[in-house]
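Each value in this text was obtained by applying a stated rule to the coordinates, not by laboratory testing. Quantities reported herein were computed from a predicted structural model and do not represent experimental measurements. Cβ coordinates were reconstructed from backbone atoms using ideal geometry, including for glycine residues, and neighbour counts include every protein chain displayed.
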Amino acid sequence: MDREGLKKILAAMSNAAADPFKKCVGCGYCCLKATCGLGLDTPEGCEFLQWNGSRYICLQALLHHAELAIGAGCTSSLNTWRKDVKRRNKNEA
């Protein structure tokens, strides 16, 4: 994916005004805990979930932001990853 594509995805994910949930922090909690219907679950996790060096990016988010409820998991009381964003493996899920 090129730089402009990543910028669009990041903008879509961080647009808190368009999303009734808290801003997605990119911790990977939702995608690693329960891969969505658009995701391709592999032994390593969803292939659309990419680590960019500081956060996870969902490559489906730009096209399917509303359907995926990006940021919804960030409000979950079960999400202990929100304040500890780091690269994880599927075994941690």
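Of CYS24, CYS36, CYS31, how do they rank once you tally other Cβ atoms within 10 Å and put the fewest first? If you can, show how the numbers build up before the last one.
Numbers: CYS24 29, CYS36 17, CYS31 23.
The fewest-first ordering by Cβ neighbours comes to CYS36, CYS31, CYS24.
Using the Karplus relation 6.51 cos²θ - 1.76 cosθ + 1.60 with θ = phi - 60°, the per-residue 3J(HN,Hα) values for segment 46-51 come to 5, 6, 7, 8, 10, 8 Hz, with x marking Gly and Pro. Residues ARG82, ARG87, arranged from fewest to most other Cβ atoms within 10 angstrom of their Cβ, appear as ARG87, ARG82.
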